[in-house]
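The values are calculated or read from the model by the stated rules, or taken from the named source; none is laboratory data. Just so it is clear, the structure is predicted and the values come from calculations on it, not from any experiment. Heads up, the Cβs are rebuilt from the backbone with ideal geometry, glycines too, and the neighbour counts pull from every protein chain shown. Quick note on the areas: whole protein, heavy atoms, side chains included, nothing else; ligands and nucleic acids left out. Shrake-Rupley method; radii C 1.70, N 1.55, O 1.52, S 1.80 Å.
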Amino acid sequence: MNKDREAEILKTVDDSIRMEMKTFSEYLQKKGLKITNQRMLVAERIFSLHNHFTAESLLEEFKDQRDKISKATIYRILSIMVEAKLLQEHNFGQDYKYYEHIIGHTHHDHIICGDCGRIVEFMDERIEQLQEQAAASNGFKITGHSLNIYGTCLDPNCPNKK
């Protein structure tokens, strides 16, 4: 894809994801990877999502374009985006990974229901402070962490209960 085509694609995307798309495009260039229509189309869809998703659910978003965007293409793009630190990959104890885009999103932790699979994001400053204290008292400086709490949601009417 040439620079003019790339600029044309970036002009058509929503303002809220233009920075993320530009960051992805610059990462591809830096790594010597091609900026393809498929990569940009998938990136645009990912950056417009505001929840956790799987490779399979992302592939479903492109069901009308399966001749252009294969499962292998989706997995390659996800891998590139994780490497570029544009996506975070989560293992919530299922047989598949979840992803979420992280540019412009604040740090948060997760509570995952083991029955229905519902994922709740939360941030509690008290937990953050306890982690800092634990790290300091053991001679560590925190550079990152992931906290996933597993449980069972208490809503008896949960539509996703197994």
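What the table below lists for this structure:
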item: Degrees between helix 71-83 axis and first principal axis of the chain (Cα, 0 to 90, nearest 10); result: 70 degrees
item: Percent of alpha-carbon pairs separated by more than 24 Å within the chain; result: 46 percent
item: Probe 1.4 Å - accessible area at residue 45, Å² to nearest ten; result: 80 Å²
item: Prolate/oblate/rounded label for segment 78-132 (Cα gyration tensor, a/c 1.5); result: oblate
item: Net +/- balance of residues flanking residue 57 in space, Cβ distance below 13 Å, scoring K and R +1, D and E -1; result: 0
item: Residue-averaged [θ]222 nm for the chain, counting only DSSP H segments that reach four residues, each worth -39500 (n - 2.57); result: -13500 deg cm²/dmol
item: Cα long-axis angle, helix 125-137 against the chain (0 to 90 degrees, to the nearest 10); result: 80 degrees
item: Sum of side-chain charges, residue 110 neighbourhood, beta-carbon under 15 Å (Lys, Arg +1; Asp, Glu -1); result: -4
item: Between helix 37-48 and the chain: long-axis angle, C-alpha atoms, 0 to 90°, nearest 10; result: 30 degrees
item: Accessible carbon and sulfur surface of segment 83-142 relative to its total accessible area, %, 1.4 Å; result: 50 percent
